[in-house]
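The next block holds one structure in the form of C-alpha cells; read it before the comments.
The values are calculated or read from the model by the stated rules, or taken from the named source; none is laboratory data. Bear in mind that the values here come from a model prediction, so they are computed numbers and not experimental data. All Cβ positions, even for glycine, are placed from backbone atoms using ideal geometry, and neighbour counts span all protein chains on display. Remember, those area values only see protein heavy atoms, side chains included, never the ligands or the DNA or RNA. Shrake-Rupley method; radii C 1.70, N 1.55, O 1.52, S 1.80 Å.
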Amino acid sequence: MTKLLQIGSLVIRGNGASMSTLRKLVLLNRANNAAILNDKSGLNIVQRRVIATSNSNDQNKPARQQDEEKAENFLNGSSATYVEEMYQAWLQDPRSVHKSWDIFFKTNSVKAPPTLGQTSAAAVSNSLALQQLPPLNQLMQLLQSATQKSQQPFASSLVPSTAEEKAVEDHLKLYALIRSYQIRGHKMAQLDPLNIARSLDVTNEKVNDLTPEFYNFSDTDMSRIFTLPKTTFIGGNDAQLTLNEILDRLRNVYSRSIGLEYMYINNFDKCNWIRQQFETPGTGELTNDEKKRTLKRLIRATRFEEFLARKWSSEKRFGLEGCEVLIPAMKTVIDTVGAKGVDTVIMGMPHRGRLNVLANVTRKPLEEIFCEFDSKLAADEEGSGDVKYHLGTSTERINRVTNTKMKLVVVANPSHLEAVNPVVAGKTRSEQFYRDDKNGDKVMSIILHGDAAFSGQGVVYETFHLSDLPAYTTHGTVHIVVNNQIGFTTDPRSSRSSPYCTDVARVVNAPIFHVNADDPEAVIHVCKVASEWRCKYKKDVVIDLVCYRKSGHNEIDEPMYTNPTMYKAIRKQPQVLQKYAQKLIGENSVPQEWYDAELKKYDTIMEDAYNNSKSGQYSKSKLWLDSPWKSKFIFVFVWFVCRKKKSILSLSLYP
C-alpha cells in the first residue's frame, strides 16, 4: 500500500517498508545534525521553548498548585516528547539547552527518562555512532532509489546487504503466503465432484497470491528450510520445514476436498482452534472401524434409493442420488454430539432426501414408509393431509456408536424449502426451556438446506439473526447445505450475487466448511469438527456438501433440456459408493466378501419390509407426528373419517 510522509517541504512516497526505513533514517539524522536555528533575539529554538514555558506560568496561582500541575503535565505525551528532545540536544551539546536542564541531567547521572527506553550509557554510545552517518542528501538519494524498487509486489524496500536480512525478508513473505492460504485457499479447493471447468465461486475471481511466484520465490528456494510461525499447525511436531513441504501441506489442507472459510471470525482463539483441527497432520485420517462404518452407511443410503426407484419408478420421491453421503454425515454429527452429552436432536429439512433420512437416520420402520407409496393401503386414521416427503417423525433409540439413548425428531415441513427453519429453532428452544437446559448441552438442532433456497429465502437470514439473541438462542445449530449446484433449473450464476450460497452465514461469524461430497472421509472429518465446534462454542456452523442432483427436480423431469452440460457430466459420474468401496478394498481396509455381504444383507431387509408393508397393519398416519405428547390428561381435537367418508369432530381424552 502506497503511503505519504511529509518532512519540511519534501513529500516522500513509498510502501510500508520504505516508510519504516525513512522514519529510522530521519530520526538518526535529527540526532546527528540537531540543527539549532537562531532568531533575532539570538536564542535557539530549544532555549526559546524553555523560556516560553517558564513565562507561561500563572503567577496568581499558589505555589503548591503550580507544583501539582507541573507534575501532572510532565506525565502527558507531549511532555515526554519534549523531555526526549531536551535529552538528545544535551547529548550533542550541553550548552544548547537551558542551564536548568543541564543541571537536571548531570545530577541524575545522565539517566534517561522512561519514555526514551535506554540507559544513559547506551544513549551516549548511540550518540557517538550517529555522528558517523552520511549527510542528509545522500540518505534521500538512497530512499528515492528504494522507493522506485518498491513499486513491484513484495519487492524489497532496500536491497538486503546480508544473508540474515534476506532470510528475515523471505520469512515474512512465507508468513504472508501461509495467511493467504488460510484466507483464500478455499477458492482453489477441488470442491466440484463433477469436475466441470468452472469455479464454485460464481464471481470467478482469480487468486494470484497462493503461488510462490507471487512472493518472488524461485525453484532454488523450494529446498530451503524455513521456520514456521505460531499461527499455523501444519508443521505438527516440526518447527521447521522446506518450502516445498510447506506448500504441499497447505494445499492438502486448504485446496483439496475441503474449502475453509473462517478467518473473518472476530476471535483469535476460535480461528486458532479451527486451524488446529484441520492443519495438524493426521487429524483427518479415519480408523478402519470408522471407514467400515462410513461405507456401511453409504450402502444403506444408496441401496435405499435404488430400491425405491426399482419398485416405484413413476413416483415422485425427491431422492438423494448424487448426495448419498448426507446420511453418513448426519449420523456422524449425531454420534459426535451424543458423545458430548446431547440426547435430543431436532431436525428440519426440505423435501429432497427426506425419505432416506427418515429410514436411515431416525430409523422410521421401512414398512411404514413403503405403505405410503401404495394407494391401496388406506390409512386407518387421518391427520397429516400431506404427501410422504413432507412428513416427519419422532423416535427414541440406542445409538450404537456411543451406547446412549437418543431422541431423534424430524419436523414435518408443509413447505418444500426453508419455512421450517424458525419452527425447528422454536421447538428446540422450547424443549431446552422446559428441560432447564440453559446452555444447550442436552438438546440441539440440525437444519438441512438446499443451495438455492439458502441464499434466496429471507427466512434464512432472519433465523440466523435470532440465533444469538438471549431470548431466542438455541446455543448453536448445525446447518447442512445439500449443494446441488442448481436451483430447480437455474444456474447459480443467474440466481445469486454472492460468491457462495452460504455467504449469508457470515453475518453471525459462523464458520463455513465446504467439502466435496464424493470424498466421504473428508465429509466425516468436517462433520466431526463442526459438531465439536457447536458443543464447544455453542454457535452456529455451516457444512456445505457440494454434490449434484442425479435426476431433475423430481424423478419425472428430464433435466437435459435445461442443463445439458451439467447432466452430460452427471451421466458419466460413477456412484460415490462404488468409488469409496473400491478405494477401501484396494487398500485392504475392508475385504470384498464383507462388502458383498453388507449389500445382500440390506437388500434382504428392504425386501422383507416391502412384503410386510402389504398387510396394512403399518398404515397409520399418526406416526408422522414429530411431537407425540406423553402427558396423562391431554384434551385434543382429532378428525376421524369413517368408512362412509363422513367427518365428525370428536373430543377425546387420551390416557
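Return the total of residues in the range 265-289 being touching a helix residue (DSSP H, G or I) at 6+ places or on another chain (Cβ under 8 Å) and either open to solvent by less than 40 Å² (accessible area, probe 1.4 Å) or within 19 Å of K536 (Cα to Cα) (or both).
Qualifying residue count, the range 265-289: 11.
What is the number of the single condition among (1) outside any loop (DSSP other than H, G, I, E, B); (2) modelled with pLDDT of 70 or more that L142 does not meet?
(2)
Which condition from (1) open to solvent by less than 40 Å² (accessible area, probe 1.4 Å); (2) within 27 Å of D248 (Cα to Cα); (3) assigned to a helix (DSSP H, G or I) is the one that F304 breaks?
F304 satisfies all of (1) open to solvent by less than 40 Å² (accessible area, probe 1.4 Å); (2) within 27 Å of D248 (Cα to Cα); (3) assigned to a helix (DSSP H, G or I) except (2).
Which of the residues spanning the range 299-312 are in contact (Cβ under 8 Å) with a residue 24 or more places away in the chain, farther than 30 Å from V504 by Cα and not β-branched (V, I, T)?
R300, R303, F304, E305, F307, L308, A309, K311, W312
Looking at the range 464-517 only, could you name the residues that are in a loop (DSSP other than H, G, I, E, B) and in contact with a Lys or Arg (Cβ under 7 Å, 6 or more places away or on another chain)?
Answer for the range 464-517, where residues must be in a loop (DSSP other than H, G, I, E, B) and in contact with a Lys or Arg (Cβ under 7 Å, 6 or more places away or on another chain): Y472, T474, H475, G476, N484, I486, A510.
Looking at (1) more than 24 Å from V523 (Cβ to Cβ); (2) open to solvent by less than 70 Å² (accessible area, probe 1.4 Å), which is the only condition Y567 fails?
Result: Y567 passes all but (1).
Quick check on the range 462-476. Is at least one of its residues within 19 Å of L191 (Cβ to Cβ) and touching a residue at least 12 places away in the same chain (Cβ under 8 Å)?
No: the range 462-476 contains no residue that is within 19 Å of L191 (Cβ to Cβ) and touching a residue at least 12 places away in the same chain (Cβ under 8 Å).
List the pairs whose first member sits in the range 263-277 and is free of Cβ contacts under 8 Å to residues at least 60 places away in the same chain, whose second member is surrounded by 13 or more Cβ atoms within 10 Å (Cβ to Cβ) and of a type outside the set (S, T, N, Q), and whose Cβ atoms are under 7 Å apart, counting only residues at least 6 apart or on separate chains?
C271/Y262; C271/M263; C271/I265; Q276/F233
So F217 passes all but one of these: (1) free of Cβ contacts under 8 Å to residues at least 12 places away in the same chain; (2) of a type in the set (A, V, I, L, M, F, W, C); (3) over 30 Å from D451 (Cβ atoms). Which condition number does it fail?
All conditions are met except number (1).
Would you mention how many residues in the range 440-463 are among the hydroxyl-bearing types (S, T, Y) and part of a strand (DSSP E or B)?
So the answer is 1.
Which strands (runs of 3 or more DSSP E) sit wholly inside the range 340-439 and have at least 1 residues that are among the small types (G, A, S) and at pLDDT below 95?
344-348, 393-399
How about the range 570-583: which of its residues are under 14 Å from D519 (Cα atoms), part of a helix (DSSP H, G or I) and open to solvent by 40 Å² or more (accessible area, probe 1.4 Å)?
Listed by number, the residues that qualify are Q578, K579, Q582, K583.
Which of (1) of a type outside the set (D, E, K, R); (2) open to solvent by 10 Å² or more (accessible area, probe 1.4 Å); (3) over 23 Å from the mean Cα position of the chain (by Cα) is the odd one out, the single condition L298 does not satisfy?
Looking at each condition in turn, L298 falls short on (2).
Between a first residue in the range 422-441 that is over 17 Å from S394 (Cβ atoms) and a second residue that is open to solvent by 40 Å² or more (accessible area, probe 1.4 Å), which pairs have beta carbons less than 6 Å apart while being 6 or more apart in sequence or on different chains?
Listed pairs, sorted by first residue: G440/K538.
Would you kindly identify the strands (runs of 3 or more DSSP E) lying entirely within the range 150-264 that contain at least 3 residues that are at pLDDT 90 or above and open to solvent by less than 50 Å² (accessible area, probe 1.4 Å)?
So the answer is 258-261.
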